[in-house]
Amino acid sequence: MAAAVSEPGTIAFSVKYSGKEIQINSLSSDSSLAQLQSLLYEATRVAPDNMKLLGLKGKNLSVSSAKLSELGVKNGSKLMLIGTPDAEIKQVTEEKHESVEFLEDNEAYCDGEVKLEHRPEYLDKIERRIREYKITELQAPRAGKKLLVLDIDYTFFDHKSVGSHIDELTRPYIHHLLTVAYPHYDIAIWSATSMKWIYSKLGEMRLFASEMFKISLLVDSLACISVYCEEDEANVNVKPLAVIWGQYPQYSASNTIMIDDIRRNFAMNPQSGLRIRPFRQAHQHRQHDRELIRIAEYLEAIADVEDFRELDHRRWEKYAAKRAKKRAKLEQKQGDSANPDSAGPA
Ligand SMILES: [Mg+2]
């Protein structure tokens, strides 16, 4: 009888699922996709037919006899699993998610009190990123456009819930937001994860394939810097926009807006950040979530503001509402003068 001895040629890799890492170390590069799926089924109760694995490479992504080596899986690989578990397990999982809902609210995080933006040690780190970090440019900057920098996880993707298709975990109206923004803004995506995840998530969401907008820049965790956060008494990673500004001088604090669910990420450029309500528990909220429609309204409303440093993005909702009212009034006035009969009773 074959014993469970690790063979030479065994590979160790991990699969992220519902915010947890599943370690796989009993397969080899000759093992098949079906074998991997069966192990994952044991761990997650997601049926192989409902599994979507992100991070695989090659042409045979859904051929169950494909070898792991053909799919680019090797020692140290990191994959991500999307899939809904069998019904009864699903219920348990959702209850568990329920209880962690409000654990992390970063509203006041590292904010205001600590003027990190001027500390020389951090400016040095930024200088190094400007020199050494390579921003992925998918489309060159267009003349006269502003810059929109968007986070992914919890901003428009719920990376901790489980779903059978990425659409279930994607915040509604992300395509709408990018379509509205694109005439005015070049679009950068900055996620504090690796470039591999950025590509696979955006690819699955079909954000590279739109006719309505193009993504210009991709920025990953290697462009982040760690700063000391007094509230946490710990080092935390933040996203300094100066890394982009240093490499693309056409963008600056006067024409850049960054949208992220964690305010701490703006610590080096607090004035340029808009903190969005996080998109969590996708299944509960995706029916009603209109946040990206309202953000799109705001982006459009401020698109003609000469210098973004005049704006206070904390007041974005009021600003957007005021602009919408003004515009409606103006449109009514224009309508009236174009058609005097409609101005009042004859
Ligand atoms: Mg996030």
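Just a few scattered comments:
- Taking 0.36 nm per residue of separation and subtracting the current Cα-Cα distance, fully stretching the chain between ARG314 and HIS184 would add 44.7 nm.
- Sites LYS325 and ARG142, calculated FRET efficiency, Cβ-Cβ separation with R0 30 Å, nearest 0.05: 0.45
- In the chain, the DSSP-assigned H stretches of four residues or longer account for a calculated mean residue ellipticity at 222 nm of -9000 deg cm²/dmol, using -39500 (n - 2.57) per stretch and the full residue count as denominator.
- A DSSP coil position with no more than 10 other Cβ atoms inside 10 Å describes the following GluC sites (Glu not before Pro) in segment 270-311: GLU306.
- Contour excess over end-to-end distance, with Cα ends at MET212 and GLU230 and 0.36 nm allotted per residue: 2.2 nm
- Dipole in debye (nearest 20) - segment 11-86, about Cα centre, beta carbon charges: Lys, Arg +1; Asp, Glu -1: 280
- Based on protein heavy atoms only, the chain ends up with 52 Å² per residue of surface accessible to a 1.4 Å probe.
- Across the chain, the volume of the C-alpha convex hull divided among the residues equals 197 Å³ per residue.
- The distance from the alpha carbon centre of segment 210-254 to that of segment 187-202 is 12 Å, rounded to a whole number.
- Relative contact order (%) - criterion: Cα under 8 Å, at least six apart; region: the chain: 17
- About its Cα centre, the dipole of the chain is roughly 860 debye, where the only charges are +1 on Lys and Arg Cβ and -1 on Asp and Glu Cβ.
- Each eigenvalue of the Cα gyration tensor of segment 11-86, multiplied by 5 and square-rooted, gives one semi-axis; in descending order these are 17, 14, 11 Å.
- 28 Å Cα-Cα threshold exceeded, pairs from LYS134/LYS318; LYS20/LYS115; LYS146/LYS318; LYS67/LYS196; LYS59/LYS214; LYS125/LYS318: LYS134/LYS318; LYS20/LYS115; LYS125/LYS318
The values are calculated or read from the model by the stated rules, or taken from the named source; none is laboratory data. All values reported here derive from a predicted model rather than from experimental measurement. All Cβ positions, even for glycine, are placed from backbone atoms using ideal geometry, and neighbour counts span all protein chains on display. Remember, those area values only see protein heavy atoms, side chains included, never the ligands or the DNA or RNA. Shrake-Rupley method; radii C 1.70, N 1.55, O 1.52, S 1.80 Å.
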